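Participant: Input: one structure, supplied below.
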Amino acid sequence: MEPILWIPAVLAGMTTWLYVLSVNMPELAANDSQEAELKFPTSVEDIRSVSNLLKLYKEEHFLYVLVLFCSAYIYKQTFAIPGSVFMNLLAGALFGVWKSFPLVCLLTATGATCCYNLSKYFGKQYVIRFFPEKVKFMQEKVENNYESLFFFLLFLRFFPMSPNWFLNICSPILNIPVHMFFFSVFIGLMPYNFICVQTGSMLSQISSVEDVFTSGTFIKLAAIALVALVPSFIMKKLKNKKLKSV
């Protein structure tokens, strides 16, 4: 069996699990309404609708809601499906800031690591074949920042315009250790995740995703990313100084 064929097999398995969860929703009290459709949110209106439905279930079936949300989040992250912002907003609306923040950080890192492993075991050669220039570019960057690789990975995650999906699938090709990858995602996406869940907890005050990521927000995230480069810069300076003194 071609390794790449395991990816649709895993996709089918995880899709089946989500389907089983969604069609076997536990019963609510007779006076509770179930008119809203259970689906992946793609707009603020969807988030309001889905969060209102799941809040009803959360009161009586908290574990079910938690398992359903975690499964859906990891599903999207594993297969690099766009829309993490909507899941983060939903988490904030559903669980509040201080419960949802550590939860989505863990789910982001877990889902990204699943994506990493899919690429490592089943898709490596295809990533190299279809993205040769991008892989080569990233390989050069990793080699240039090898002495401070973790801080470089943090910079990539902090920076708001980084293509996280590509970082996930190319990291095993760049021989980035899985533990370093996991923690760089967990820590590096904390600012982004916090902004999202904080906004989600105040869902009534926003009308679109554009209200979440203003120009000021992007500037703050970029500034955090630059701070992550400071240790890397210092380590390079010290290394160069040491080489000159030899």
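Participant: In the set Cys70, Cys105, which member is closer than 23 Å to Ser22 by Cα and at pLDDT 95 or above?
Facilitator: Working: Cys105 fails: closer than 23 Å to Ser22 by Cα.
One residue alone meets the criteria, Cys70.
Participant: Examine the range 101-122 for a residue that is among the charged types (D, E, K, R), touching a residue at least 24 places away in the same chain (Cβ under 8 Å), surrounded by fewer than 20 Cβ atoms within 10 Å (Cβ to Cβ) and in contact with a Pro (Cβ under 6 Å, 6 or more places away or on another chain), and state whether such a residue exists. If you could, list the steps in order and put the result at the bottom.
Facilitator: Our first condition is that a residue be among the charged types (D, E, K, R); within the range 101-122, this holds for 120.
With touching a residue at least 24 places away in the same chain (Cβ under 8 Å) added as a condition, the list becomes 120.
So of that shortlist, the ones also surrounded by fewer than 20 Cβ atoms within 10 Å (Cβ to Cβ) come out as 120.
Subsequent filtering for residues that are in contact with a Pro (Cβ under 6 Å, 6 or more places away or on another chain) retains 120.
Looking through the range 101-122, at least one residue is among the charged types (D, E, K, R), touching a residue at least 24 places away in the same chain (Cβ under 8 Å), surrounded by fewer than 20 Cβ atoms within 10 Å (Cβ to Cβ) and in contact with a Pro (Cβ under 6 Å, 6 or more places away or on another chain).
Participant: Now for a separate question. Run down Ser49, Ser43 and say which single residue is in contact (Cβ under 8 Å) with a residue 12 or more places away in the chain, under 21 Å from Tyr19 (Cβ atoms) and either more than 21 Å from the chain's Cα centre (by Cα) or surrounded by fewer than 16 Cβ atoms within 10 Å (Cβ to Cβ) (or both). Before the answer, list the steps.
Facilitator: Numbers: Ser43 fails: under 21 Å from Tyr19 (Cβ atoms).
Sole residue among the options that is in contact (Cβ under 8 Å) with a residue 12 or more places away in the chain, under 21 Å from Tyr19 (Cβ atoms) and either more than 21 Å from the chain's Cα centre (by Cα) or surrounded by fewer than 16 Cβ atoms within 10 Å (Cβ to Cβ) (or both): Ser49.
Residue-by-condition table, conditions (1) under 20 Å from the mean Cα position of the chain (by Cα); (2) crowded, with 18+ Cβ neighbours inside 10 Å; (3) at pLDDT 90 or above; (4) not aromatic (Phe, Trp, Tyr):
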residue: Pro177; (1), (2), (3), (4): yes, no, yes, yes
residue: Phe183; (1), (2), (3), (4): yes, no, yes, no
residue: Gln205; (1), (2), (3), (4): no, no, no, yes
residue: Val209; (1), (2), (3), (4): yes, no, no, yes
residue: Ala228; (1), (2), (3), (4): yes, yes, no, yes
residue: Ile234; (1), (2), (3), (4): no, no, no, yes
residue: Lys237; (1), (2), (3), (4): no, no, no, yes
residue: Asn240; (1), (2), (3), (4): no, no, no, yes
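Participant: So, in the range 168-194, exactly how many residues are touching a residue at least 12 places away in the same chain (Cβ under 8 Å) and part of a helix (DSSP H, G or I)?
Facilitator: 18
The values are calculated or read from the model by the stated rules, or taken from the named source; none is laboratory data. Please read all numbers here as calculations on a predicted model, not as lab measurements. Using ideal geometry, Cβ is built from the backbone for each residue, glycine included, and neighbour counts are taken over all protein chains shown.
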